[in-house]
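J.: A single structure is presented below for examination.
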Amino acid sequence: MDLNLQELNATEFPVPVELENNIAITSLSQLYNWGRRNSMWPMLFGLACCAIEMIATASSRFDFSRFGFEVMRATPRQADLMIVSGTVTKKMVVPIVRLYNQMPEPKYVLAMGACASGGGPFKEGYNVVSGMDKYLPVDVYVPGCPPTPQALLFGMIALQRKIDGQSIANGDDVPWYGEGPAEPTPVPVLGPDIIDPRQMDMIRRQAEVAASEMELLGQRELPALTQLVAAKVETAQAATAEAGPLDEDALSVVLPTGGTPWAEAEDIREKRRLRALARKALRASRRASQAEGE
Amino acid sequence: MENLAAAEQSVAKLSIEDSIEYLKSNHSQAIKLDDRDGYQGVIVDSDQLLDIARVIRDQLGFDYLSSATAVDYLGEGDHMEMVYHAYRSSGGGALVFKAQTDRDAAEIPSLVSVWRGADFQEREAWDLYGIRFPGHPNLARILMWEGFEGHPMRKDWREAYYEEERKPFDSRWPGGHVHRAEEKNVFGKNVSYPPDIDLNRLMDNSEEAVYSSLGLGVDVERIMDKDGFETNELVVNMGPHHPSTHGVFRMVLTVDGETVTSLEPVMGYLHRNHEKIGERNTYLHNIPFTDRLDYISSMGNNHGYVLAVEQLMSLGRKYNPPTYRCEALRVMMVELSRIVNHLWAIGFWLNDIGAFFTPVLYFIQERERILDFFEAVAGSRMMCNYMRFGGLFGDLPERIKSVSNLTNDRVRDYNTMQFLTEMINERIPRTIDELEILLTQNEILIERSMGVGILSAEDAINFSAAGPLLRGSGVAYDIRRADPYSIYPELDFDVAVEAEGDMYARYRVRVTELRESVRILKQILPRLEATAGESIWADGKPGAYAPRVPHGESYGRVENGKGELGYYIVSAGGRGGSSNPWRYHVRAPSFINLTPLGHMSKGYKVADIVGILGSIDIVLGETDR
C-alpha cells in the first residue's frame with residue numbers, strides 16, 4: 001500500500017485546494033499499518049536448511065530490505081517478525097516459544113518451508129514437531145523445501161497485505177489491539193515426550209483411562225497412550241479373544257476428545273473431494289463453452 | 001631390541017588382510033572373523049575390546065577412528081553390535097572391528113581412553129540405542145533430552161506417527177489413501193506418552209537438567225582466590241538461539257573473567273531423526289534426505305551415499321558401474337559444491353571474528369551463480385537430489401535458461417559449456433584472488449586468528465577430526481588421495497595442509513582447497529567435452545526404481561567440504577536382498593569435529609570462541625541429523 005495523496009483525500013472531508021498536496025486524510029489504522037508493514041524487522045533466527053535460503057533472500061541478489069524488512073535483529077525484543085526457517089524439533093520448540101513470548105506486540109510468525117508448515121519430509125520423526133502452528137499462531141505459510149528466495153519474498157509480501165487488512169478499531173481482529181495484555185503462549189515441557197501445558201488435562205484423562213483399561217483387560221503392558229487410538233480396533237479384538245466380553249463404554253472414552261474424529265474427518269475429506277471434482281467439471285465445461293464461442 | 005622395533009615397524013605397514021591375520025594369530029581367543037555374507041572385518045570379544053583396540057592403534061598403526069556406531073539386529077540374531085572403522089592417518093583402507101552384546105543389558109567397554117574421537121559417538125549410541133559404555137567420562141544423552149522415554153533407534157521402538165516398518169506405506173500405495181497423521185493421534189500432535197506418566201512431578205526443569213547433566217559443578221557462590229584477587233567462576237550460556245553458532249547449536253562455557261576454563265557443546269536441537277526415517281525409506285528415498293544433511297553442499301552428500309549403496313550393489317549380479325561421463329559429472333558437481341561450502345565457511349567465519357557481512361555478501365554472489373547452474377541441471381537450487389545408484393538424475397542441459405530466476409530483470413539464456421568455462425576459468429578464480437588480496441595478509445585477521453584455537457596433529461588424529469580441521473593441524477589426510485574413489489586418482493591436485501593448527505591455518509587450508517578445486521574443475525571440462533553425447537548410464541537407460549540390494553554392509557566415505565562424510569549401510573532382512581536399509585548411519589564430520597571443541601577453546605577469551613567454532617565450520621543439519 002502506498003500513500004497516494006489523491007486517493008486518500010477523496011473522502012467526505014473537504015481539503016482546501018491550496019493544501020491538497022500537503023495534507024492527507026486517512027484512518028488511524030491505515031496510517032499505523034502503513035508504518036508497520038514497511039518497517040517489519042525479522043528476527044535473525046535460523047533453524048535449518050531454510051535459514052540458508054533466508055540468508056540468500058537477505059543478501060544482495062534478492063535483498064528483502066527493498067520491502068521494508070530492513071535489518072534482522074538478533075534479539076527478539078527488537079523484532080516484529082519471526083521467520084520459522086526450518087524443522088522445528090521438540091527440543092527446540094521450547095526456546096522458540098520463549099523467544100516468541102519475548103517479542104513485543106504486534107508480532108507475526110511466518111512458517112518458512114514444508115517443515116515449519118507441517119513437518120515436511122521429517123514429519124514422522126520422533127523428535128520433530130509437525131508444524132509450528134501446533135504451538136504458535138502462524139500468519140503466513142510458505143511452501144517449498146526449501147522455498148526459493150522469490151517464494152519467501154512472496155510470503156513476506158503476503159504478510160504485508162494481511163497487515164493492511166487489520167484494524168485498531170476491531171479488538172477481535174488481532175489479540176494485541178484488544179483490552180489488557182495478551183496472554184503469553186504456555187512454554188512446552190520436556191517430559192517423557194514433549195508436553196503442551198494446554199493439553200495437561202487431556203493427558204491426565206488419558207492416563208486414567210489407560211490405567212482403568214489396564215485393569216479391565218488384565219494386560220500387564222499397555223501400548224503408549226497415543227497408539228491406543230490408532231490400534232483401538234486391534235486391541236479390542238485381541239482383548240475379546242483373551243479376556244472375554246468387553247465393556248464398550250470404557251473403551252469409547254479412549255476415542256479422540258480433541259481434533260476431528262477419524263470417521264468425521266473421512267466424511268469431510270470425501271465432501272471436499274466431491275466439491276473439488278464438481279468445480280473441476282464446471283471449469284472444464286466453461287472452457288469448452290468458451291472455445292465454442294471463439 | 002632393534003629387531004623388535006623393526007618388527008613393529010613392519011606390523012604397522014601390514015595390509016588390511018594381513019592385519020586381520022596378525023590379530024587372529026596373536027589374539028585368537030578374542031578375535032573371530034566376521035563370516036556373515038557380505039560382511040568384513042573381525043568380531044572382537046567385548047571383554048577384551050579395550051586391549052584389542054590398543055593393539056590396533058599402537059601396533060597395527062590404525063590411529064584414526066573414523067566411525068563408531070551401533071546396529072540393532074533384532075530378529076537377525078537378536079544382539080546389539082558396535083561397529084568401528086579405523087584407518088591409518090597415512091592412508092589406506094579401513095580395519096573394521098565389531099563388538100557384540102546382549103540387547104537387554106547392552107554394555108560395551110568405552111574406547112574413549114584409546115580414541116577420544118569415540119566420545120560423542122558412544123554418547124549417541126547410548127542415547128539412541130541404550131548401550132552402556134563403562135569407562136566413558138560423561139555418558140549422558142546427546143541428541144535427545146534427559147528424561148526422554150526409551151532409546152528411539154532400537155528396532156522395537158515406535159514413534160508416535162508410526163505407520164509401518166517400511167515404505168512405501170500401504171496407505172499411500174497402491175490406491176493412495178493419504179491421511180493426516182494428526183487425525184490418528186489422540187493429542188493431534190506428534191507425541192506419545194507412557195501410560196504411567198506422572199504429571200505432578202513434571203516441572204519445566206529443562207534448564208537445570210541441562211546444566212546439571214553437564215557435570216560442570218560450578219558453584220557461583222564460591223569465591224575463588226586467584227593470586228590474591230577474589231573472583232567468581234561464571235557459567236555463560238550461548239545458544240541455541242545465537243547469531244554466531246551457525247544454527248541451533250549451544251555451548252555452555254565456564255569462564256574465569258574473560259578466559260574460558262571449560263566448554264561443553266550441547267546439541268540435538270536439530271535432531272530430525274534422519275537415521276530412523278532412513279531405515280523406513282527405500283534406498284532411493286534416502287537420496288533427497290541426504291541433501292538435507294549438510295545443506296550447503298548437497299551434491300557431496302549424494303555422492304557419499306550412492307558410493308555406499310553402489311558398494312553393496314556390486315556384490316550382486318545386476319550391477320553396472322557408472323560410466324566415465326557420469327563420474328566426471330559427479331566430480332564436477334562435488335567440486336563446485338566444495339567451492340560453495342568453503343566460500344560460505346570463510347564468509348561466516350569472518351562474520352564471527354568481526355568482518356560483519358561485507359565479505360560474505362560477495363561470496364554469496366558467487367554462490368548464487370553456482371546455484372543457478374545446479375538449478376538448471378538438477379531442478380533445485382539447494383536440494384539437488386542429483387545422483388542415482390550407477391548414474392545421475394540427468395545429463396547437462398544444452399542451455400541454461402530460466403524465466404523465473406531473473407538476474408537484473410534479464411532472462412538468463414547461456415550455452416551450458418560456455419557458462420561453465422567462464423565460471424571456472426574466470427569468475428571463481430577472480431573471486432578467490434579478490435578474497436586473498438583483501439584478507440590473507442589483513443592485519444586484523446592475522447591478529448585475531450593466528451595462534452588461536454590450536455589443535456595439535458596428535459590431538460587432531462586422536463579426536464577423529466576431519467577435513468580442514470585435520471589438515472590445518474598438519475596432517476595431510478584427504479580421502480580423495482588417502483583412500484581414493486571415483487576418478488580422483490587420475491586428476492592432478494595437491495592436498496592442502498598447514499602445520500600451525502590455529503584458526504588462520506584452517507583459513508589457509510580452505511583458500512588452498514578453493515584453488516585446488518578450480519584446478520580439478522579445469523581438468524574436468526575437457527573430459528566433459530570429450531565424452532559429450534555419451535550416456536550417463538552404463539546400459540543407456542536409468543537404473544531400477546526400487547533396487548534390491550544384496551545383503552551385507554558397506555561404508556562409503558567421501559571428502560566433503562566439512563570433512564570425512566561416511567555412510568554406514570547394512571542390508572539385511574528379506575530374501576535375496578533388501579529394498580530398505582536395515583541400518584543407515586551417517587558419519588557426520590560436523591558432529592565429530594565438535595569433539596575437540598572444548599579442548600581447543602580452553603584458555604582463550606570468550607570473544608574467540610565464536611571464531612574457533614566458525615573455523616571448524618559446522619552445519620547443524622549434519623551435526624544433529
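J.: If a residue has to be touching a residue at least 24 places away in the same chain (Cβ under 8 Å), hydrophobic (A, V, I, L, M, F, W, C) and farther than 12 Å from A:ALA111 by Cα to count, how many in region A:146-157 make the cut? Give the steps one after another, and end with the answer.
T.: Within region A:146-157, the subset touching a residue at least 24 places away in the same chain (Cβ under 8 Å) is A:146-150, A:152-153, A:155-157.
Remaining after also requiring hydrophobic (A, V, I, L, M, F, W, C): A:152-153, A:156-157.
Now narrow it down to the ones that are farther than 12 Å from A:ALA111 by Cα: A:153, A:157.
Residues in region A:146-157 being touching a residue at least 24 places away in the same chain (Cβ under 8 Å), hydrophobic (A, V, I, L, M, F, W, C) and farther than 12 Å from A:ALA111 by Cα: 2 in total.
J.: For residues that are among the acidic types (Asp, Glu) and under 22 Å from B:MET382 (Cβ atoms), tally how many sit in region A:46-77. Even if it seems obvious, please write down each step before you answer.
T.: Here is the first cut: in region A:46-77, the residues among the acidic types (Asp, Glu) are A:53, A:63, A:70.
The next check asks that each one be under 22 Å from B:MET382 (Cβ atoms); those that pass are A:53, A:63.
Final tally of qualifying residues: 2.
Rundown of residues vs (1) modelled with pLDDT of 90 or more; (2) on the phi < 0 side of the Ramachandran plot; (3) buried (at least 16 other Cβ atoms within 10 Å of the Cβ), yes/no style:
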{"site": "B:SER10", "(1), (2), (3)": "no, yes, no"}
{"site": "B:ILE16", "(1), (2), (3)": "no, yes, yes"}
{"site": "B:SER19", "(1), (2), (3)": "no, yes, yes"}
{"site": "B:LEU23", "(1), (2), (3)": "no, yes, yes"}
{"site": "B:GLY38", "(1), (2), (3)": "no, no, yes"}
{"site": "B:ALA68", "(1), (2), (3)": "yes, yes, yes"}
{"site": "B:ASP78", "(1), (2), (3)": "no, no, no"}
{"site": "B:ALA86", "(1), (2), (3)": "yes, yes, yes"}
{"site": "B:SER110", "(1), (2), (3)": "yes, yes, yes"}
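J.: Suppose we filter B:GLU564, B:GLU534 for residues that are closer than 26 Å to B:ARG480 by Cβ, among the acidic types (Asp, Glu) and over 26 Å from the mean Cα position of the chain (by Cα); which single one remains? Break it down into steps so the answer makes sense when it comes.
T.: Details: B:GLU564 fails: over 26 Å from the mean Cα position of the chain (by Cα).
When all the criteria are applied, what remains is B:GLU534.
J.: Output the residues belonging to region B:112-153 that are surrounded by fewer than 18 Cβ atoms within 10 Å (Cβ to Cβ), touching a Gly at 6+ places or on another chain (Cβ under 7 Å) and either charged (D, E, K, R) or under 30 Å from B:GLU165 (Cβ atoms) (or both).
T.: Correct list: B:GLY147 only.
J.: Could you identify the single residue in B:GLU422, B:GLU368 that is in contact with a Lys or Arg (Cβ under 6 Å, 6 or more places away or on another chain), in a helix (DSSP H, G or I), without any contact (Cβ under 8 Å) to a residue 60 or more places away in the chain and assigned by TED's automatic domain parsing to the domain that holds B:GLU529? Full working, then the answer.
T.: Numbers: B:GLU422 fails: in contact with a Lys or Arg (Cβ under 6 Å, 6 or more places away or on another chain).
Of B:GLU422, B:GLU368, the one residue that is in contact with a Lys or Arg (Cβ under 6 Å, 6 or more places away or on another chain), in a helix (DSSP H, G or I), without any contact (Cβ under 8 Å) to a residue 60 or more places away in the chain and assigned by TED's automatic domain parsing to the domain that holds B:GLU529 is B:GLU368.
J.: Moving on. Restricted to region A:42-69, and to residues that are away from chain B (no Cβ under 14 Å) and either part of a loop (DSSP other than H, G, I, E, B) or without any contact (Cβ under 8 Å) to a residue 60 or more places away in the chain (or both), which residue is farthest from the chain's Cα centre (by Cα)? Show your work before the answer.
T.: Our first condition is that a residue be away from chain B (no Cβ under 14 Å); within region A:42-69, this holds for A:67-69.
Remaining after also requiring either part of a loop (DSSP other than H, G, I, E, B) or without any contact (Cβ under 8 Å) to a residue 60 or more places away in the chain (or both): A:68-69.
Numbers: A:GLY68: 23, A:PHE69: 21 Å.
Filtering first and then ranking leaves A:GLY68.
J.: For region B:153-201, name all the residues that are of a type in the set (S, T, N, Q) and at the interface with chain A (Cβ under 7 Å from one of its Cβ atoms). Let's see the steps before the verdict.
T.: Taking region B:153-201 and keeping what is of a type in the set (S, T, N, Q), we get B:171, B:185, B:190, B:192, B:200.
Those that are of a type in the set (S, T, N, Q) and at the interface with chain A (Cβ under 7 Å from one of its Cβ atoms): B:ASN185, B:ASN190, B:SER192.
J.: Which residue out of B:LEU60, B:LEU50 is surrounded by fewer than 20 Cβ atoms within 10 Å (Cβ to Cβ) and over 20 Å from the mean Cα position of the chain (by Cα)? Reasoning before the result, please.
T.: Details: B:LEU60 fails: surrounded by fewer than 20 Cβ atoms within 10 Å (Cβ to Cβ).
Exactly one of B:LEU60, B:LEU50 is surrounded by fewer than 20 Cβ atoms within 10 Å (Cβ to Cβ) and over 20 Å from the mean Cα position of the chain (by Cα), namely B:LEU50.
J.: Output the number of the condition that B:THR69 fails; it satisfies all remaining conditions of (1) part of a strand (DSSP E or B); (2) touching a Gly at 6+ places or on another chain (Cβ under 9 Å); (3) of a type outside the set (A, V, I, L, M, F, W, C).
T.: (2)
J.: Can you name the residue in region A:70-98 that is of a type in the set (S, T, N, Q) and within 10 Å of chain B (Cβ to nearest Cβ) and, of all such residues, is farthest from the chain's Cα centre (by Cα)?
T.: Here is the first cut: in region A:70-98, the ones of a type in the set (S, T, N, Q) are A:75, A:78, A:85, A:87, A:89.
From what's left, within 10 Å of chain B (Cβ to nearest Cβ): A:75, A:87, A:89.
Details: A:THR75: 22, A:THR87: 14, A:THR89: 16 Å.
Across region A:70-98, the extreme among qualifying residues is A:THR75.
J.: Give just the number: which of (1) within 12 Å of chain A (Cβ to nearest Cβ); (2) of a type in the set (Gly, Ala, Ser); (3) out of contact with any strand residue (DSSP E or B) (no Cβ under 7 Å at 6 or more places or on another chain) does B:GLY147 not satisfy?
T.: Unmet condition: (3).
J.: Restricting to region A:99-122, and then to whatever is out of contact with any Cys (no Cβ under 8 Å at 6 or more places or on another chain) and at the interface with chain B (Cβ under 9 Å from one of its Cβ atoms), can you tell me which residue is nearest to A:ILE55 (Cα to Cα)? Please lay out each step first, then the result.
T.: Step one: of region A:99-122, the residues out of contact with any Cys (no Cβ under 8 Å at 6 or more places or on another chain) are A:99-111, A:117-119.
Going one step further and asking which of them are at the interface with chain B (Cβ under 9 Å from one of its Cβ atoms), we end up with A:99, A:118-119.
Details: A:LEU99: 20, A:GLY118: 22, A:GLY119: 21 Å.
Residue satisfying both the conditions and the ranking: A:LEU99.
J.: Just a yes or no: is a residue in region A:125-134 more than 8 Å from chain B (Cβ to nearest Cβ), crowded, with 21+ Cβ neighbours inside 10 Å, part of a helix (DSSP H, G or I) and under 12 Å from the mean Cα position of the chain (by Cα)?
T.: Filtering region A:125-134 down to residues more than 8 Å from chain B (Cβ to nearest Cβ) leaves A:131-133.
Add one more test, that the residue is crowded, with 21+ Cβ neighbours inside 10 Å, and what stays is A:131-132.
Checking the rest, the ones that are also part of a helix (DSSP H, G or I) come to A:132.
From the residues that got through so far, the ones that are under 12 Å from the mean Cα position of the chain (by Cα) too are A:132.
Taking every residue of region A:125-134 in turn, at least one turns out to be more than 8 Å from chain B (Cβ to nearest Cβ), crowded, with 21+ Cβ neighbours inside 10 Å, part of a helix (DSSP H, G or I) and under 12 Å from the mean Cα position of the chain (by Cα).
The values are calculated or read from the model by the stated rules, or taken from the named source; none is laboratory data. Not measured: the values here are computed from a predicted model. For neighbour counting, all protein chains shown are included, and Cβ atoms are generated from backbone atoms with ideal geometry for every residue, glycine included.
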